[in-house]
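Student: Mind looking over this structure? Questions follow.
Every number here is computed from the coordinates shown, using simple stated rules; none is lab data. This is a predicted model, so every value here is computed, not measured. Here the Cβ positions follow ideal geometry from the backbone for every residue, glycine too, while neighbour counts run over all protein chains shown.
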Amino acid sequence: MTTFALLSIAGASIAALLLLIIRFEVHAFVALMLVSLLVALATGIPLAEIIPTLISGMGGTLGSVAILVALGAMLGRMIEVSGGANTLAQRFSQLLGPKRVPAALTAAALVLSIPVFFDVGFIILIPIIYGFCKAAGVSPIKYGLPVAGIMLATHVVVPPHPGIVGGAAVLSADVGWITLIGLGICIPLAFVAQWVGGYLNRCHYTMQPDAEAQFRNFGSADAADAPAARLPGVGAVLTLILAPLALIMLGTTAATMLPKGDALRDFLAFTGAPVFALMVAIGLAFVLLVRPLGWTRKRTNEVMESALPAAATVILVTGAGGVFAKVLTVSGIGTALSQALSGTGLPLILLGFVISLALRAAQGSATVAILTTCGLLAESIQGGGYSTVQIAVLTVAIGFGGLGLSHVNDSGFWIVTRYLGLSVADGLRSWTVLTTVLGVAGFALTCLVWALVA
């Protein structure tokens, strides 16, 4: 099939998906599965391989998302119902003042997202975002957008995240220089995320009914009726948030600094796995939240189970997004797009950014976009006589290409929009715009670094 035909099918599939969800109000899960099936048929994927491809896309996504979303939702629900999120929000609002809270949250998200994958960190921070927004009397979209935006920016350009580390390996780039350059650019991007998020929040976004009900009922009579002395303190809540993040940080640091086969590395990799880290946090919640409040086993189970209905929707829609992305990849649409762009004659740094951005839009995964682009340009970069710093800058530029244009084929799009209560249309107007602006701004700053080292 020709490149033009493949790209036409890709454009038509995204248009059909948006039409089904926005105009005809088909559930996102059903729409994603239906369009994925139609794209598989239209692009000529053999009939015998279509269903296995759909299952592979669902399984590949849910394998990394389902457990994390479920555990993260349970932990968040326990923090919420215990009154811990409200306690933390009120204390920090008093210390910082209402005007400084959004900037403080964004700065904290930047630091926390360095060792932690985007989806894990965002899920852990959701109850805290809800608590601060509840205390301030604003929509969670107001604080949640810039927090999610800077976390994703860090995810695509700062090691030890997989896309940029894998890209560095393909290009033989120096990870230390990539870390310094990527983190150095993400710091001013945090201000950009805060400013753009504030600008986007000038528009009114109607929260989806399920998210609105969850936010409206945030908190619990258990906390309200409990004596003040038994409510969880700020230290207890911070421990529950920071403990899993610290475990993950130790695991990723060990993987970077210790040799393969080292016993300590293997142990820290096990304890630093996000699933294990969240299980530890839930265990700590029994000590720091359940025991002081005097919850019975029945009440504790009820609280944890009450988190699952909302989490199930996020899991299913996210998995269906993975199916759509898998079909776009297997069909050859991403490869056709990258090959078409490679012959444009653009400067190498711009070409890397554009190909990565296009692949991100075409198949959804930032990691795949970065790794694929690095593979396509490896020969040109490694044979171009560039210095160590220049190769690191080129790698960061490719990373920022994987940041923009997050939309309906990206699992992160569904996680952010579902937790913040955004419709698909509002998600495209806010989250997609924010990620694209941050990607372009990050690339512009990367070009300034390139001008200094070229």
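Student: In the chain, if the dipole is taken from +1 on Lys/Arg beta carbons and -1 on Asp/Glu beta carbons about the Cα centre, which of T179, T296, C447 is farthest to the positive end?
Tutor: T296
Student: Sort V170, V156 by Cβ crowding within 10 Å, fewest neighbours at the top.
Tutor: V170, V156
Student: Can you sort H155, H407, H27, H161 by how many other beta carbons sit within 10 Å, fewest first?
Tutor: H27, H407, H161, H155
Student: On to the next question. Averaging sequence separations of C-alpha pairs under 8 Å and six or more residues apart, then dividing by the length of segment 3-453, give the relative contact order as a whole percent.
Tutor: RCO, segment 3-453: 26 percent.
Student: Right, next: Dipole of the chain, Cα-centred, from +1 at each Lys and Arg C-beta and -1 at each Asp and Glu C-beta, to the nearest 20 debye?
Tutor: Dipole size: approximately 840 debye.
Student: Can you find, among T417, G233, T372, the residue sitting farthest towards the positive end of the charge dipole of the chain, where Lys and Arg contribute +1 and Asp and Glu -1 at Cβ?
Tutor: Going by the Cα projections, it comes out as G233.
Student: Using Cβ contacts closer than 10 Å as the measure, can you line up I141, I50, I370 from fewest to most?
Tutor: Neighbour counts put them in this order, fewest first: I50, I141, I370.
Student: What is segment 3-453 by shape, rounded, prolate or oblate, if you read a ≥ b ≥ c off the alpha carbon gyration tensor as root eigenvalues and call it rounded for a/c under 1.5, prolate for a/b larger than b/c, and oblate otherwise?
Tutor: prolate
Student: For a quick check: with amide H placed at 1.01 Å from N, whose amide H comes under 5 Å from D174's, ignoring anything fewer than 5 positions away on the same chain?
Tutor: Distant-sequence amide H within range of D174: A392.
Student: Could you tell me whether segment 8-55 comes out rounded, prolate or oblate from its Cα gyration tensor? Rule is a ≥ b ≥ c as square roots of the eigenvalues, rounded for a/c under 1.5, then prolate if a/b exceeds b/c, otherwise oblate.
Tutor: Oblate.
Student: Compute the length gained on full extension between L448 and L38: take 0.36 nm times their separation in residues and subtract their Cα-Cα distance, giving the result in nm to one decimal.
Tutor: 143.2 nm
Student: Sorted by average packing, counted as other Cβ atoms within 10 angstrom per residue and highest first, what order do 128-136, 408-416 take?
Tutor: The peptides rank, most packed first, as 408-416, 128-136.
Student: Nearest 500 deg cm²/dmol is fine: what mean residue ellipticity at 222 nm does the chain get from its DSSP H runs of n ≥ 4 alone, each adding -39,500 (n - 2.57), divided by its residue count?
Tutor: That calculation yields -25000 deg cm²/dmol at 222 nm.
Student: Tell me, what ³J(HN,Hα) does each residue in segment 51-59 have, in order and in whole Hz, if you take phi through Karplus 6.51 cos²θ - 1.76 cosθ + 1.60 with θ = phi - 60° and put x for Gly and Pro?
Tutor: Each residue of segment 51-59 in turn: 5, x, 5, 4, 5, 4, x, 5, x Hz.
Student: Could you give the nm distance between label points at L258 and I55, where each point is 7 Å from its Cα heading toward the beta carbon?
Tutor: According to this spin-label approximation, the distance is 3.8 nm.
Student: Sort 355-367, 199-211 by the packing proxy (mean of other Cβ within 10 Å over each peptide's residues), most packed first.
Tutor: Put in order of decreasing packing, that is 355-367, 199-211.
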